[in-house]
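K.L.:
Quick one: the structure is below, questions incoming.
The values are calculated or read from the model by the stated rules, or taken from the named source; none is laboratory data. Bear in mind that the values here come from a model prediction, so they are computed numbers and not experimental data. When we count neighbours, we look across all protein chains shown, and the Cβ atoms used for this are built from the backbone with ideal geometry, even at glycine. Only protein heavy atoms, including side chains, enter the accessible area calculation; ligands, DNA and RNA are left aside. Shrake-Rupley method; radii C 1.70, N 1.55, O 1.52, S 1.80 Å.
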Amino acid sequence: MYGPDPVGQRWCQEIRIKMIEKDAGTVSIISGVKRRNQRMQVPELQGGLRRLYKKGTIHMKEENREENNDGWETVGRKPPRRAHKVQKDQWHGYKRPPSEQQYSDEVQIDGSFEPSEEELADLSQACNRLWELDLNRLVPGKDYEIDCGEGKKVYQMEDMAQGSLFSWLSEDIFRRPTFARFCSLLDNYNPNAGHKEVVTSEEKQEQAAFIEEISRTAPIIYLHKYLSSKGIVSGSYQDFKRTMTNIWFNLYGRGGTSGSSSAFEHVFVGEIKQYGEQEVSGFHNWLQFYLEEAKGNVDYQGYIFPRRRGQILDSETQLLTIQFEWNGILKSVSSTLVGVSPEFEIALYTLCFFVGGEDNHIQLGPYSVNIKCYRFGDRIGSVFPIAES
């Protein structure tokens, strides 16, 4: 029924050729079989294919079998990604000169942005205050939905996710000024580490416009008051904004090439190391993950088991440790805060860079977190969250 000789060499070879030609997802099955036994002979390959067939791993399309009898598909493969519409209508305007930009009004909330004495003395309390001031943080189930799939250990290479991490994200999110300006920056970089970046005048306008926009939000206003109270930055808000631009966007060398990286590119966009074995470094932002997953560049492969035994992640979780492939290259472990605003992450990481050390054990709402901060001279080399038990 499924070939001229179900147990013969010809049948096996035909299947192998058809599968490779028709379905890249099926190639991984063949490759997986071969990796387990590099010396596998044809009869062994036949047996492997029969076992896969019996388990329901592969099957033949029954529809139009006579007209198209060479169609094979993977059973249990990830369903097609849903179409994700990203509103980019206003993004082209972010490259215009400052005089032509339109910004949001400065946020007005009850209470003061002044840090308390307790917050000035305790980094964790200050970071938790930033969490409370993140008025733009998304609400799981209302603004987006994720499917964490199944958990795994870091060393496990199996894909434990049946589909994408993001089931959906509200289109309105990309109309929020700080989110839209942040996302417009993500495609300004070449992700290959060691590639010298060329920053155009328009891209510099985008950078300045992003800093100006987030400077009107509660987390950044609080950050400035906190750092200026400690004498770390100038009391001048304009000077502070220039400092923020320099910290996050000034280029430095990474991978042996000058001007090839920046704090923003590494932390939020991600980079691919080209020397030695290729690997993904950085890439700790959920918006970048969402956009790359929507393009088909990211393959989510499951979450890493929390250190706390018995803790189960669900669609409400906003601190994830995950494994994924980006452009076919594995990121074995990556932590990200899901649904938080760009201004919150910038404020949080900047605060830890100036006030904290390499390990910063803090509380963010319900989450115990270690903000890991690596310095590159007087720059941010990398900074990211690690979920604590």
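K.L.:
I'm trying to understand the selection: among the residues of region 98-121, which are more than 30 Å from Lys204 (Cα to Cα) and either surrounded by 14 or more Cβ atoms within 10 Å (Cβ to Cβ) or touching a residue at least 60 places away in the same chain (Cβ under 8 Å) (or both)?
P.N.:
Selection gives Ile109, Glu114, Pro115, Glu119, Leu120.
K.L.:
Let me spell it out: the conditions are (1) aliphatic (A, V, I, L, M); (2) part of a strand (DSSP E or B); (3) open to solvent by 10 Å² or more (accessible area, probe 1.4 Å), and Ile322 meets all of them except one. Which number is the exception?
P.N.:
(3)
Okay, residues lined up against (1) at pLDDT 95 or above; (2) outside any loop (DSSP other than H, G, I, E, B); (3) open to solvent by less than 80 Å² (accessible area, probe 1.4 Å); (4) closer than 30 Å to Leu223 by Cα:
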residue: Ser124; (1), (2), (3), (4): yes, yes, yes, yes
residue: Cys127; (1), (2), (3), (4): yes, yes, yes, yes
residue: Trp131; (1), (2), (3), (4): yes, yes, yes, yes
residue: Leu138; (1), (2), (3), (4): yes, no, yes, yes
residue: Gly149; (1), (2), (3), (4): no, no, yes, no
residue: Gln156; (1), (2), (3), (4): no, no, yes, no
residue: Asp159; (1), (2), (3), (4): no, no, yes, no
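K.L.:
Follow-up. Which pairs have Cβ atoms under 7 Å, sit 6 or more apart or on different chains, and link a residue in region 138-163 that is under 16 Å from Glu293 (Cβ atoms) and in contact (Cβ under 8 Å) with a residue 12 or more places away in the chain to one that is in a strand (DSSP E or B) and open to solvent by 20 Å² or more (accessible area, probe 1.4 Å)?
P.N.:
Pairs found: Tyr144/Trp168; Glu145/Ser167; Glu145/Trp168; Ile146/Ser167; Asp147/Ser167.
K.L.:
Let me ask something else. How many residues, within region 188-217, are free of Cβ contacts under 8 Å to residues at least 60 places away in the same chain, within 30 Å of Gly328 (Cβ to Cβ) and not in a helix (DSSP H, G or I)?
P.N.:
Residues meeting the conditions: 4.
Table: residues versus (1) over 29 Å from Tyr226 (Cα atoms); (2) at pLDDT below 95; (3) assigned to a loop (DSSP other than H, G, I, E, B).
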site: Ser332; (1), (2), (3): yes, yes, no
site: Val340; (1), (2), (3): no, no, yes
site: Ile346; (1), (2), (3): no, no, no
site: Phe353; (1), (2), (3): no, no, no
site: Ile362; (1), (2), (3): no, no, no
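K.L.:
Say whether the condition of being under 30 Å from Tyr300 (Cα atoms), over 15 Å from the mean Cα position of the chain (by Cα), small (Gly, Ala, Ser) and not in a helix (DSSP H, G or I) is met by at least one residue in region 267-280.
P.N.:
Looking for residues that are under 30 Å from Tyr300 (Cα atoms), over 15 Å from the mean Cα position of the chain (by Cα), small (Gly, Ala, Ser) and not in a helix (DSSP H, G or I), one finds at least one in region 267-280, hence yes.
K.L.:
While we're here: Against the conditions (1) open to solvent by 10 Å² or more (accessible area, probe 1.4 Å); (2) under 22 Å from Leu348 (Cβ atoms), where does Phe283 fall short? Just the number, please.
P.N.:
Going through (1) open to solvent by 10 Å² or more (accessible area, probe 1.4 Å); (2) under 22 Å from Leu348 (Cβ atoms) one by one, Phe283 breaks only (1).
K.L.:
Something else about it: Can you work out which of the residues in region 218-249 that are modelled with pLDDT of 95 or more and part of a loop (DSSP other than H, G, I, E, B) is surrounded by the fewest Cβ atoms within 10 Å (Cβ to Cβ)?
P.N.:
Across region 218-249, the extreme among qualifying residues is Gly231.
K.L.:
Scanning region 272-307 for residues that are acidic (Asp, Glu) and out of contact with any His (no Cβ under 9 Å at 6 or more places or on another chain), which turns out modelled with the lowest pLDDT?
P.N.:
Glu277
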